[in-house]
Structure formats: C-alpha cells, structure tokens
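Okay, here's the structure, questions in a sec.
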Amino acid sequence: MKTKLFLITISILLFSSFNNYCIAQNSEGYDYLKTRLEKTKSLTIDVINSMPEKDFKYKPTDEVRSFSALASHVVYSIEWNIELMKGAPIKWEPGDEERYSKEELIQYANVQFDHLIKFIGSAKETPELTDKIIDVLNHNSLHRGQLITYLRLKGLKPKYR
C-alpha cells in the first residue's frame, strides 16, 4: 500500500512539474523538450546497460516480467506510442519480449528514442500531444524504477552517465 501511494504521489508531482514547465514555455513546438527527452533516453539506456548479460533474464518472482522482458516492453511502448501520436496507431504486438540480447535491446532503445526525439522535435504543440508525451514519460519512468529495483535485488546499482 505504501508503495502504491508513493508511486501515485511521485506521478502527481512529475505531472505537475512537467505541466508547469510546459505552460511556462512560449513555443509553437516542443524544442524545449529535447534536453529532457535526451536525458530520459540516457537514463533508460544506462539502467538497461547496468544489468550484466548473464542476469538479463532475471525475475524476482514468477509473477513478473524478466528484466529483459520489462526493458523490451519499455522500448516497444515508445515505438507503439510514436505511431499513436502520429495518428496511425498500430496493433499492440510486442512479440516475444525476451528475444533481444542486451546489445540488441540497447540498439533498439537508441533507435526508438531517436525516433521519439525527432518526431516530438518536429511536432506542433497541442494539448492532446502534450498529454500523450507526458503519458510516455510517466510510463518510462515507472518501468525504469522497476528495472532499478531488479538491479538492487541483484546487489547492483545503475551506472548513470
């Protein structure tokens, strides 16, 4: 219960801060988000990279995704959300979430984050798109926190750039 309350509180704080930041901007586009998106990319890839290849399929319990499956879910959701934001949603078909090696998943993450940054950087700012961007960042943040928990359960700390 404390964990759920903590996550809800963090989400509200993140949303409020991000929303205030967006309102403070006087822009036709999302250029001001480039640094934030690049930081999110860097943090996420650093967390994925922090798990040794030999432990990439680690699962704390049978009821949850493995580290690699959770990381794959995070990256696939970026790909899926880009198409949704473009107005051309694709069917949710992540495939086998454990099919990627560590190197392949990091490469996939780089490509999808770069696509996201490019798309958002060229998009016209609208309230609907801003809401979707917030959803993507919140989703990434939530699962990145779970990945960090997996690392800590293995006695590891994420290595940030």
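Tell me, please, whether a residue that is closer than 27 Å to residue 35 by Cα, loosely packed, with under 13 Cβ neighbours inside 10 Å and among the small types (Gly, Ala, Ser) can be found in segment 76-89.
The answer is yes, given that some residue of segment 76-89 is closer than 27 Å to residue 35 by Cα, loosely packed, with under 13 Cβ neighbours inside 10 Å and among the small types (Gly, Ala, Ser).
While we're here: Kindly list the number of the only condition in (1) within 16 Å of residue 58 (Cβ to Cβ); (2) assigned to a helix (DSSP H, G or I); (3) among the charged types (D, E, K, R) that fails for residue 132.
(1) is the only condition that residue 132 fails.
Can you tell me which residue is nearest to residue 144 (Cα to Cα) among those in segment 67-109 that are part of a loop (DSSP other than H, G, I, E, B) and within 16 Å of the chain's Cα centre (by Cα)?
Per the criteria, the residue is 97.
Something else about it: Would you check which residues across segment 115-130 are loosely packed, with under 13 Cβ neighbours inside 10 Å, farther than 11 Å from residue 34 by Cα and in contact (Cβ under 8 Å) with a residue 12 or more places away in the chain and list them?
Across segment 115-130, the qualifying residue is only 124.
For residue 102, indicate whether it is charged (D, E, K, R), more than 19 Å from residue 33 (Cβ to Cβ) and at pLDDT 95 or above. Please lay out each step first, then the result.
Details: charged (D, E, K, R): yes; more than 19 Å from residue 33 (Cβ to Cβ): yes; at pLDDT 95 or above: yes.
Against the criterion (charged (D, E, K, R), more than 19 Å from residue 33 (Cβ to Cβ) and at pLDDT 95 or above), residue 102 qualifies.
Just name the residue that is nearest to residue 80 (Cα to Cα) out of those in segment 112-129 that are touching a strand residue (DSSP E or B) at 6+ places or on another chain (Cβ under 9 Å) and not in a helix (DSSP H, G or I).
Step one: of segment 112-129, the residues touching a strand residue (DSSP E or B) at 6+ places or on another chain (Cβ under 9 Å) are 120-125.
So of that shortlist, the ones also not in a helix (DSSP H, G or I) come out as 123-125.
Details: 123: 17, 124: 19, 125: 20 Å.
Out of the qualifying residues, it is 123.
Please go through segment 150-159 and give me each residue that is part of a helix (DSSP H, G or I), touching a residue at least 24 places away in the same chain (Cβ under 8 Å) and surrounded by fewer than 16 Cβ atoms within 10 Å (Cβ to Cβ), ordered by number.
Once the filter is applied, which keeps residues that are part of a helix (DSSP H, G or I), touching a residue at least 24 places away in the same chain (Cβ under 8 Å) and surrounded by fewer than 16 Cβ atoms within 10 Å (Cβ to Cβ), segment 150-159 yields only 153.
Is it true that residue 11 is at pLDDT 95 or above, of a type outside the set (Val, Ile, Thr) and surrounded by 13 or more Cβ atoms within 10 Å (Cβ to Cβ)?
So residue 11 fails the test.
Show the residue pairs meeting these rules: Cβ distance below 7 Å; 6+ apart or different chains; first residue within segment 83-112 and under 14 Å from residue 70 (Cα atoms); second residue basic (Lys, Arg).
97/65; 98/57
The values are calculated or read from the model by the stated rules, or taken from the named source; none is laboratory data. In this text the structure is predicted, and so the values were computed from the model without any measurement. For neighbour counting, all protein chains shown are included, and Cβ atoms are generated from backbone atoms with ideal geometry for every residue, glycine included.
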